[in-house]
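Before any comments, here is the structure.
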Amino acid sequence: MKRQTYYTTASEAMNELAKKGYTTDFEVLKEQDCLVCKQTAQQLSPDEFIIDETHRFDGETDPGDEMIVYAISSQKHSLKGIVVNGYGTYADPDIFKIVERLKQKSITKEKPIKRSEILKPLSREHHHALLLCWKIKNGLNKGVSPERIKKYADWFFKQHLLPHFDIEEKYVFIVLGDEHPMVKKAKGDHQHLIQLFTTDGNLEQKLQTIEETLQNHVRFEERTLFNEVQKYATESQLKDIETFHVEEKFEDNMADPFWV
Ligand SMILES: [Fe+2]
Ligand SMILES: [Fe+2]
């Protein structure tokens, strides 16, 4: 578990987490040592979720603002949501104890991701996609013109991203099937990215959205979707990925290295 972003208030954290897909309201069911979704009454046992982020807030003017916001995700149920607890004066000690205990359990269950050999070349392409995100961000921060950045991004899109999407859609997602929520999300991300790269509009805004969307998409595939794929892939499906995905040595386009 890691704390990824710093927020100044609990409501800012909840809004930003909602944008990242943490939209379910969970509460702790004390008697059964589990979380329950307020909207659907779906219960999650400690084996079925992990705590992705913890954010603590000190109420500077009002101790009533002292809060902890937990971002929770369940791969099994394809659910993401939050649990909120006061802390300090207003903490509910039972909730605090249970969440902390569940957190310990979930930490001991987290194992480092061991990527299947067959999926490793696609993971290396993800690494280059994350580098593109870094270059876009760095370029914009340095005041490089959006036109120069877009030229490089377009080269990467045609040369690397589109063939990568194609392989994933033809040979990787098929393992889980078109109706799987993770596949629906990944295909939706691909469409959104294609649209961002190929339509007109405010270039700087477009680049910022490409950077955020691509980064989130790659992290979702690496941390969630690929784990599920390697769990269920048959020998022949893995063989197809190996046969049809021809990994080429990455040769960067150094015509205009605006990021250095
Ligand atoms: Fe993808
Ligand atoms: Fe991918």
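None of the figures in this text is laboratory data; all of them are computed from the coordinates on show. Note that the coordinates shown come from a computational prediction; the quantities given were computed from them, not determined experimentally. Please note: Cβ atoms are built from the backbone with ideal geometry, for glycine as well, and neighbour counts cover all protein chains shown.
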For this session: Take the cross-link list K19/K137; K19/K185; K76/K120; K135/K249; K137/K249 and give me the ones stretching past 18 Å between alpha-carbons.
Result: K19/K137; K76/K120; K135/K249; K137/K249
Exercise. Taking θ as phi - 60°, what are the ³J(HN,Hα) couplings along the stretch 227-241 by the Karplus curve (6.51, -1.76, 1.60), each to the nearest whole Hz, with x for Gly and Pro?
Worked result: 4, 5, 4, 6, 6, 10, 5, 7, 4, 6, 5, 5, 4, 4, 4
Problem set entry | Range of Cα positions in the stretch 117-244 per principal axis (Å), largest first | 49, 26, 22
Exercise. Say each of S11 and K170 gets a label point 7 Å from the Cα, pointing the same way as Cα to Cβ; how far apart are those two points in nm?
Worked result: 5.1
Exercise. What spacing in nm lies between the two simple spin-label points modelled at T54 and R124, each 7 Å away from Cα in the Cβ direction?
Worked result: 3.8
For this session: Can you pull the one-decimal nm distance between simple spin-label points at K249 and D178, each 7 Å off the Cα toward Cβ?
Result: 4.0
Exercise. Hey, what do the phi angles of the stretch 121-127 turn into as Karplus ³J(HN,Hα) couplings, whole Hz, using 6.51/-1.76/1.60 and θ = phi - 60°, x for Gly and Pro?
Worked result: x, 5, 5, 5, 5, 4, 4
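Can you check what the Kirkwood hydrodynamic radius comes to for the stretch 171-260, Cα pairs only, in Å to one decimal?
After inverting the pairwise mean of 1/r, the radius is 15.4 Å.
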For this session: Please list the non-local residues whose amide H lies under 5 Å from the amide H of T24, H modeled 1.01 Å from N, same-chain partners needing a gap of 5 or more.
Result: K80, G81, I82
Problem set entry | For L176, residues with placed amide H under 5 Å, excluding near neighbours | none
Exercise. Roughly speaking, what is the stretch gain from L203 to L29, that is 0.36 nm per residue apart minus the C-alpha to C-alpha distance, in nm to one decimal?
Worked result: 57.8 nm
